[in-house]
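Student: Take this structure first; my questions come after.
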Amino acid sequence: MPTLPETETMTALTDITAVREDSRTLADQMPELGDHRSEAATRFEALGLPTRKNEAWRYTNLRPLKTEPAKDSAQDPGLPVELVPGSIRLVFVDGHYAEDRSRIGTLPDGVRISRLGNYLAANPARARDLFMGDDGVALLNSALLRDGAVISVANNTSLARPVEIVHVTTSARRTGCHLRHRIELGERAEATVIERWVGTPSAWANTVTEARVPEAATLTHLRIAGDGAAGTITSAARVSVGAEATYRATSFMIGGTSVRIDSLVNVLGEGGEAHVDGLSLAGDGQTHDAVTVVRHQVPEARSEQVYRAVGDGRAVTSFQGKVIVDKDAQKIEADQSFKAIILDRKATANAKPELEILADDVVCSHGATIGELDANALFYLTSRGISPEDARAILIEAFAGAVLTRIENDDVREQAAAAISTWMSGHVDGASHA
Amino acid sequence: MLQIDNLHADIDGKDILKGLSLKIGAGEVHAIMGPNGAGKSTLAATLAGRDTYTVSKGSVTFQGKDLLELEPHERVGEGLFLGFQYPVEIPGVSNLNFMRTALNSVRAYRGEEPVSAGDFLKAIRAIAAELKMDPEMLKRYVNVGFSGGEKKRNEMVQMRILDPKLAILDETDSGLDIDALRIVADGINAQRRADTGILLITHYQRLLDYVKPDFVHVMVAGRIVKSGGPELAHALEQSGYADVA
Ligand SMILES: Nc1ncnc2c1ncn2[C@@H]1O[C@H](COP(=O)(O)OP(=O)(O)OP(=O)(O)O)[C@@H](O)[C@H]1O
Ligand SMILES: [Mg+2]
């Protein structure tokens, strides 16, 4: 397997030669991608990385990629503890599949897991689908794509073990580490996919995950930038939801310097359901950005979005959530709720809920609130002997609970609760509240 | 047990307590009555340590300690309890967890071991039964969706599990139906012991029929203007505050 030359401290991503060089080096990896790579590189050259003037990217902080040279030398952050015991585990280190760290085991009939490279070799016609060109980040993903996982589950097949995809980034190359995953469920199929990131502070991991959830299928999709996450993480999911199908997504942004989790969900079949939830716990100096677009193209479908964010120190945590209901998509129920709590006056929360409703017979609700912890509730708790630190922790836990209670897998929910407790123990001292 | 001397407190520069003095001894039940806006809840909240009120003058000694020096949760550890006139709803926090955390926090303050989940459940169920509260309500979020009377009963459950030395009960009788009033009064009487003090803030004689006070005080415009025995409450019931104000 050809590996990239480990050029350590390169300058910031303003220099297109680095991109060109990487895209050439990668040419013999997944040769089926052929000219798509160079086409994407050329278009990236013209566009560059998105700036804050680009509406969809206005809250995302890509500045470190643009201006700062990579500071740290390559180091391996190690693997996180698996979220659900016995999961299938696919580990990608700097974009390369690490067979020795992965574990697939015996798969049930009808389930196939392969590397994107092998998948493309078998289905060269699919290469064109992998080209994306909406913005600089997507273009770079197309230009510098290294590998990815393809998970396919046949009709009527349920994959009980969750698939955990772990992205490990040890290299601080400014051109980033780009992966593309595909999840293809058959009708009435079921699967759980958990994506996680660990990395070094100067790393950039850029992942695109495409999922097809056809008739009566159920996909549970978790994305976790947790404890060991560092550096810049951009993850985009593009999901289609068919008739009577369910897509349940929860994203956690707890670690990372700058994390952006995108979800573009198209509900294409009647009775389709999309739950797109997320939690951000942003500490000092962190930028978390959740961007969702849920589009209803057919009638009689439902979507819910529940996002909660907590900001401490000089954190910036943002939510941009759009619901689009097409003209003929009547009898849609679409709810969106975003709430943010600021623990420190220096922290910022941004909310930009948008409804684009062209049908007339729909029930849509959205609410966005940004505030501080409820002083009456804090006093009530302390007036029962609970310390102010514990009282804050209890209230934050309850606040985050709105997202947690919607997670159906007990292991995942408990681990998420534990991660929240750990985070809070470092952020509830109240020292910065005065 | 509690000694308040010349207490002055204000909120945003507005004087509310204007030189209030009161002494409560162990084994005593005191009742404070007084017109709306007199500052009764302000007194209760100031004693509990609510920081929206600023004490500008005076002193409060509780069991030999300077109460005003202590944080709200420390006051509870020392044995103070405030039953709220308007209990607060806390979505997402179960009543049971809340009370267990509270009890174990107080025990930790006193250097005692935490109670086990099993022992706690047994104790809280017994108290809920004593106060005829549906045990299902323990599983619900703190006060969320509780009726006015249910919230007050929930305050009493908290008082009983924390077993304070001094309970200040701010209009715990308001909003209770006749049966509930009797049940809550029984709860208060159970808390009434030779080593505990109780301060009832109330507008009605009714509660005092069940919980016989040793002393009744009339509070008007931030001061105690008259003190007496239980007969004072009867006199007020007859003629209102006009004569004492
Ligand atoms: N946050 C506040 N800001 C301004 N004024 C306040 C505030 N809280 C209380 N007050 C005022 O302080 C005064 C005393 O209020 P308090 O609630 O202590 O009265 P109370 O005797 O308990 O009345 P009630 O019998 O109606 O319960 C009132 O005039 C009230 O408006
Ligand atoms: Mg009052």
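The values are calculated or read from the model by the stated rules, or taken from the named source; none is laboratory data. This one's a predicted model, so the numbers in the text were calculated from it and none came from an experiment. Counting neighbours? That spans all protein chains shown, and the Cβs are built from the backbone with ideal geometry, glycine included. Quick note on the areas: whole protein, heavy atoms, side chains included, nothing else; ligands and nucleic acids left out. Shrake-Rupley method; radii C 1.70, N 1.55, O 1.52, S 1.80 Å.
Student: Counting only residues that are without any contact (Cβ under 8 Å) to a residue 12 or more places away in the chain and open to solvent by less than 20 Å² (accessible area, probe 1.4 Å), how many does the range A:388-416 have?
Tutor: 2
Student: Now for a separate question. Given (1) open to solvent by 10 Å² or more (accessible area, probe 1.4 Å); (2) under 25 Å from A:Asp109 (Cβ atoms); (3) in contact (Cβ under 8 Å) with a residue 60 or more places away in the chain, identify the lone condition not met by A:Glu190.
Tutor: With respect to (1) open to solvent by 10 Å² or more (accessible area, probe 1.4 Å); (2) under 25 Å from A:Asp109 (Cβ atoms); (3) in contact (Cβ under 8 Å) with a residue 60 or more places away in the chain, A:Glu190 is out only on (3).
Student: Out of all the residues in the range B:202-226, which are touching a residue at least 40 places away in the same chain (Cβ under 8 Å), within 13 Å of ligand 1 (Cβ to nearest atom) and farther than 23 Å from B:His8 by Cβ?
Tutor: Residues satisfying the conditions are B:Thr202, B:His203.
Student: Can you list the strands (runs of 3 or more DSSP E) found entirely within the range A:278-351 that contain at least 2 residues being at pLDDT 95 or above, among the aliphatic types (A, V, I, L, M) and under 19 Å from A:Ser240 (Cα atoms)?
Tutor: Details: elements: A:287-296, A:302-311, A:316-325, A:333-342.
Those strands (runs of 3 or more DSSP E) span A:287-296, A:316-325.
Student: Looking at the range B:11-35, which of the residues that are free of Cβ contacts under 8 Å to residues at least 12 places away in the same chain and not basic (Lys, Arg) is farthest from ligand 1 (Cβ to nearest atom)? Outline the logic, then answer.
Tutor: Kept after step one, since they are free of Cβ contacts under 8 Å to residues at least 12 places away in the same chain, are these residues of the range B:11-35: B:12-14.
Adding the requirement that they be not basic (Lys, Arg) leaves B:12-13.
Numbers: B:Asp12: 6, B:Gly13: 10 Å.
Residue satisfying both the conditions and the ranking: B:Gly13.
Student: Return yes or no: is B:Leu162 within 25 Å of B:Val60 (Cα to Cα) and open to solvent by 10 Å² or more (accessible area, probe 1.4 Å)?
Tutor: Values: within 25 Å of B:Val60 (Cα to Cα): yes; open to solvent by 10 Å² or more (accessible area, probe 1.4 Å): yes.
Yes: the conditions hold for B:Leu162.
Student: Would you mind telling me which numbered condition in (1) in contact with a Leu (Cβ under 8 Å, 6 or more places away or on another chain); (2) at positive phi B:Gly175 fails?
Tutor: All conditions pass for B:Gly175, except number (1).
Student: If you don't mind, another one. Take the range B:61-79 and flag every residue that is of a type in the set (A, V, I, L, M) and either crowded, with 21+ Cβ neighbours inside 10 Å or within 16 Å of ligand 2 (Cβ to nearest atom) (or both). Don't jump to the end; show me each part of the working.
Tutor: Filtering the range B:61-79 for residues of a type in the set (A, V, I, L, M) gives B:67-68, B:70, B:76.
Answer for the range B:61-79, where residues must be of a type in the set (A, V, I, L, M) and either crowded, with 21+ Cβ neighbours inside 10 Å or within 16 Å of ligand 2 (Cβ to nearest atom) (or both): B:Leu67, B:Val76.
Student: Just checking, how many residues over the range A:65-84 are within 22 Å of the chain's Cα centre (by Cα) and either assigned to a loop (DSSP other than H, G, I, E, B) or modelled with pLDDT of 75 or more (or both)?
Tutor: Of all residues in the range A:65-84, those within 22 Å of the chain's Cα centre (by Cα) come to A:65-66, A:76-84.
If we keep only those that are either assigned to a loop (DSSP other than H, G, I, E, B) or modelled with pLDDT of 75 or more (or both) as well, we get A:65, A:76-84.
Of the residues in that region, 10 qualify.
Student: Working only within the range B:36-60, note down all residues that are within 15 Å of ligand 1 (Cβ to nearest atom), open to solvent by 40 Å² or more (accessible area, probe 1.4 Å) and either within 14 Å of another protein chain (Cβ to nearest Cβ) or not aliphatic (A, V, I, L, M) (or both).
Tutor: Matches in the range B:36-60: B:Asn36, B:Gly37, B:Ser41, B:Arg50, B:Asp51, B:Thr52, B:Tyr53, B:Thr54, B:Ser56.
Student: Could you tell me whether the range A:52-64 includes any residue that is surrounded by 18 or more Cβ atoms within 10 Å (Cβ to Cβ), in a loop (DSSP other than H, G, I, E, B) and hydrophobic (A, V, I, L, M, F, W, C)?
Tutor: yes
Student: State the number of residues belonging to the range B:89-138 that are touching a strand residue (DSSP E or B) at 6+ places or on another chain (Cβ under 6 Å) and open to solvent by 70 Å² or more (accessible area, probe 1.4 Å).
Tutor: The total comes to 1.
Student: Tell me, which residue of the range B:171-200 that is within 16 Å of ligand 1 (Cβ to nearest atom) and open to solvent by less than 10 Å² (accessible area, probe 1.4 Å) is farthest from B:Gly149 (Cα to Cα)?
Tutor: Going through the range B:171-200, the residues within 16 Å of ligand 1 (Cβ to nearest atom) turn out to be B:171-176, B:199-200.
Retained after the next criterion (residues that are open to solvent by less than 10 Å² (accessible area, probe 1.4 Å)): B:172-173, B:199-200.
Values: B:Thr172: 9, B:Asp173: 8, B:Leu199: 20, B:Leu200: 17 Å.
Out of the qualifying residues, it is B:Leu199.
Student: Out of the residues in the range B:1-35 meeting the condition of being of a type outside the set (A, V, I, L, M) and open to solvent by less than 10 Å² (accessible area, probe 1.4 Å), tell me which one is nearest to B:Asp243 (Cα to Cα).
Tutor: Quick first cut of the range B:1-35, residues of a type outside the set (A, V, I, L, M) only: B:3, B:5-6, B:8, B:10, B:12-15, B:18-19, B:21, B:23, B:25, B:27-28, B:30, B:34-35.
Going one step further and asking which of them are open to solvent by less than 10 Å² (accessible area, probe 1.4 Å), we end up with B:30, B:34.
Numbers: B:His30: 21, B:Gly34: 12 Å.
Among residues in the range B:1-35 that are of a type outside the set (A, V, I, L, M) and open to solvent by less than 10 Å² (accessible area, probe 1.4 Å), the one nearest to B:Asp243 (Cα to Cα) is B:Gly34.
Student: Count, please, the residues in the range B:168-188 that happen to be more than 16 Å from ligand 2 (Cβ to nearest atom), small (Gly, Ala, Ser) and over 20 Å from B:Leu138 (Cα atoms).
Tutor: Step one: filter the range B:168-188 for residues more than 16 Å from ligand 2 (Cβ to nearest atom), giving B:177-188.
Filter once more, keeping what is small (Gly, Ala, Ser): B:180, B:185, B:187.
Filter again for over 20 Å from B:Leu138 (Cα atoms), leaving B:185.
Residues meeting the conditions: 1.
Student: Is it true that A:Leu373 is within 12 Å of another protein chain (Cβ to nearest Cβ) and farther than 30 Å from A:Pro85 by Cα?
Tutor: On the way: within 12 Å of another protein chain (Cβ to nearest Cβ): yes; farther than 30 Å from A:Pro85 by Cα: yes.
When the stated conditions are applied, A:Leu373 passes them.
Student: Do we have any residue at all in the range A:108-119 that's under 21 Å from the mean Cα position of the chain (by Cα) and modelled with pLDDT under 90?
Tutor: Scanning the range A:108-119 turns up no residue that is under 21 Å from the mean Cα position of the chain (by Cα) and modelled with pLDDT under 90.
Student: Still on this structure: Sort out which residues of the range A:376-412 are assigned to a loop (DSSP other than H, G, I, E, B), of a type in the set (S, T, N, Q) and within 11 Å of chain B (Cβ to nearest Cβ), and write them in order of number. Let's see the steps before the verdict.
Tutor: Going through the range A:376-412, the residues assigned to a loop (DSSP other than H, G, I, E, B) turn out to be A:383-387, A:405-409.
Those still in the list that are of a type in the set (S, T, N, Q) too: A:383, A:387, A:405, A:409.
Of everything in the range A:376-412, those that are assigned to a loop (DSSP other than H, G, I, E, B), of a type in the set (S, T, N, Q) and within 11 Å of chain B (Cβ to nearest Cβ) turn out to be A:Ser383, A:Ser387, A:Thr405.
Student: Filter the range A:309-327 for residues that are open to solvent by 20 Å² or more (accessible area, probe 1.4 Å) and out of contact with any Pro (no Cβ under 9 Å at 6 or more places or on another chain) and give the result.
Tutor: Filtering the range A:309-327 down to residues open to solvent by 20 Å² or more (accessible area, probe 1.4 Å) leaves A:314, A:316, A:322, A:324, A:326-327.
Across the range A:309-327, the qualifying residues are A:Arg314, A:Val316, A:Ile324, A:Asp326, A:Lys327.
Student: Conditions first: (1) more than 16 Å from ligand 2 (Cβ to nearest atom); (2) at the interface with chain A (Cβ under 10 Å from one of its Cβ atoms); (3) under 18 Å from the mean Cα position of the chain (by Cα); (4) closer than 24 Å to B:Val157 by Cβ. B:Tyr109 passes all but one, so which condition is the exception?
Tutor: (3)
Student: If I filter the range A:342-353 for residues that are hydroxyl-bearing (Ser, Thr, Tyr) and more than 14 Å from chain B (Cβ to nearest Cβ), do I get at least one hit?
Tutor: Step one: filter the range A:342-353 for residues hydroxyl-bearing (Ser, Thr, Tyr), giving A:348.
Those left that are additionally more than 14 Å from chain B (Cβ to nearest Cβ): A:348.
Checking the range A:342-353: at least one residue is hydroxyl-bearing (Ser, Thr, Tyr) and more than 14 Å from chain B (Cβ to nearest Cβ).
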